[in-house]
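J.: Let me begin by handing over the structure; questions about it come next.
The values are calculated or read from the model by the stated rules, or taken from the named source; none is laboratory data. Since the model is a prediction, treat every value here as computed from it, not as a measurement. Glycine gets a Cβ as well: all are built from the backbone with ideal geometry, and neighbour counts include every protein chain shown. The accessibility values were calculated without ligands, DNA or RNA, using every heavy atom of the protein model including side chains. Shrake-Rupley method; radii C 1.70, N 1.55, O 1.52, S 1.80 Å.
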Amino acid sequence: MEYVKTNILGSENVMMASIDAGVKKVVALSTDKASSPVNLYGATKLTADKLFVSGNHYSQSYGTAMSVVRYGNVMGSRGSVIPFFRQLVSEGKPLPITDFRMTRFWISLSHAVEFVLQSFASMRGGELYVPRIPSMKVVDLARAIGPDSDLVEIGTRPGEKLHEQMISVEDARQTVMQTDRYIVMPTLAEWGFGKPLGEPVPLGFQYRSDTNDKWLSVDDIQALLLHS
């Protein structure tokens with residue numbers, strides 16, 4: 001129920017308060033877990049995304065535009081596996097990995113913040129913005145942090161995906177691509193958009209960490225870790 005209260009009812013509170021206060025633009029922060037959710041947390045985040053998109057049918061009448069920014073785990077942030085791995089390396093312990101096949105997207109905190117600000121500047125209301133960022137293998141991240149550490153496969157946790165997904169095949173039908181981002185357009189936008197914002201993605205497209213066209217090697221990850 002805390003997921004529902006925070007992500008669904010809390011989203012409604014933010015939306016209505018923004019309209020009442022005359023806020024011009026609102027961006028909701030989403031997560032990869034909202035794309036094809038496998039647990040309640042992801043389902044409530046998806047609901048929040050849908051609220052902020054469809055809410056424009058109401059909010060635009062009051063001059064408030066609402067959009068969504070979606071990205072995966074932020075490297076080096078609270079809850080990131082990087083500080084955990086570094087601590088284990090300093091203690092000479094093996095690095096636990098739930099599944100050696102696992103892949104994830106990579107985005108730094110500074111890139112995430114910059115992407116949100118850019119989305120604020122360009123949004124009209126109803127867009128779901130997804131950055132085009134590289135993927136990595138979790139085992140490569142572990143090797144970059146602890147080149148001499150042993151890796152131990154411990155099994156996936158409940159609700160944990162093998163690969164991250166940020167755009168599903170269903171959402172791809174409304175998705176266009178720009179140089180640095182994908183934009184999932186609203187299925188119905190009575191307030192209008194004019195010309196398309198980018199090139200449509202191919203039929204059957206999915207934006208997943210295991211089928212991404214951009215990848216980080218162990219050396220690439222080590223170079224990025226110097227700045228995290």
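J.: Taking the residues in the range 119-137 that are surrounded by 20 or more Cβ atoms within 10 Å (Cβ to Cβ) and aliphatic (A, V, I, L, M) as candidates, determine which candidate is nearest to residue 181 (Cα to Cα). Explain how you work it out, then say what you get.
T.: Here is the first cut: in the range 119-137, the ones surrounded by 20 or more Cβ atoms within 10 Å (Cβ to Cβ) are 119, 125-131, 133, 135-137.
Narrowing the set further to residues that are aliphatic (A, V, I, L, M) leaves 128, 130, 133, 136.
Working: 128: 10, 130: 6, 133: 8, 136: 18 Å.
My answer is 130.
J.: So is residue 121 free of Cβ contacts under 8 Å to residues at least 12 places away in the same chain and outside any loop (DSSP other than H, G, I, E, B) or not?
T.: Against the criterion (free of Cβ contacts under 8 Å to residues at least 12 places away in the same chain and outside any loop (DSSP other than H, G, I, E, B)), residue 121 qualifies.
J.: Select, from 99, 20, the only residue that is in a loop (DSSP other than H, G, I, E, B), surrounded by fewer than 20 Cβ atoms within 10 Å (Cβ to Cβ) and modelled with pLDDT of 95 or more.
T.: One residue alone meets the criteria, 99.
J.: Inside the range 151-201, can you point out the residues that are within 30 Å of residue 96 (Cα to Cα), open to solvent by 40 Å² or more (accessible area, probe 1.4 Å) and not in a loop (DSSP other than H, G, I, E, B)?
T.: 151, 152, 153
J.: Okay, moving on. Is there any pair linking a residue in the range 8-29 that is of a type in the set (D, E, K, R) to one that is open to solvent by 50 Å² or more (accessible area, probe 1.4 Å), with Cβ under 7 Å and at least six apart or on different chains, and which?
T.: Pairs found: 12/51; 25/120.
J.: Can you list residue pairs whose Cβ atoms sit under 6 Å apart, with the first residue in the range 212-228 being modelled with pLDDT of 95 or more and the second being open to solvent by 70 Å² or more (accessible area, probe 1.4 Å) and in a helix (DSSP H, G or I)? Count only pairs 6 or more apart in sequence or on different chains.
T.: Qualifying pairs under 6 Å: 218/143.
J.: Right, another one. Every residue in the range 31-74 that is out of contact with any helix residue (DSSP H, G or I) (no Cβ under 6 Å at 6 or more places or on another chain) and farther than 30 Å from residue 20 by Cβ, please.
T.: Hits for the range 31-74 are 32, 35, 36, 38, 39, 73.
Residue by residue, here is whether (1) hydrophobic (A, V, I, L, M, F, W, C); (2) under 26 Å from residue 105 (Cβ atoms) holds:
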{"position": "7", "(1), (2)": "no, yes"}
{"position": "16", "(1), (2)": "yes, no"}
{"position": "22", "(1), (2)": "no, no"}
{"position": "26", "(1), (2)": "yes, yes"}
{"position": "38", "(1), (2)": "yes, yes"}
{"position": "44", "(1), (2)": "no, yes"}
{"position": "52", "(1), (2)": "yes, yes"}
{"position": "63", "(1), (2)": "no, no"}
{"position": "66", "(1), (2)": "yes, yes"}
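J.: Report the residue count in the range 23-38 for those that are in a loop (DSSP other than H, G, I, E, B), surrounded by fewer than 17 Cβ atoms within 10 Å (Cβ to Cβ) and modelled with pLDDT of 95 or more.
T.: Of the residues in that region, 1 qualify.
J.: Additional query: Select from the range 56-75 the residues that are more than 20 Å from residue 138 (Cα to Cα) and surrounded by 16 or more Cβ atoms within 10 Å (Cβ to Cβ) and list them in ascending order.
T.: Residues satisfying the conditions are 56, 59, 60, 64, 65, 66, 67, 68, 69, 70.
J.: Still on this structure, please answer the following. Which residue out of 104, 78, 86 is open to solvent by 40 Å² or more (accessible area, probe 1.4 Å), outside any loop (DSSP other than H, G, I, E, B) and among the basic types (Lys, Arg)?
T.: Values: 104 fails: open to solvent by 40 Å² or more (accessible area, probe 1.4 Å); 78 fails: outside any loop (DSSP other than H, G, I, E, B).
Just one listed residue meets the conditions, 86.
J.: Moving on to the next point. Considering (1) farther than 24 Å from residue 75 by Cβ; (2) at pLDDT below 95; (3) hydroxyl-bearing (Ser, Thr, Tyr), say which one residue 175 fails and leave the rest.
T.: Of (1) farther than 24 Å from residue 75 by Cβ; (2) at pLDDT below 95; (3) hydroxyl-bearing (Ser, Thr, Tyr), only one is false for residue 175: (2).
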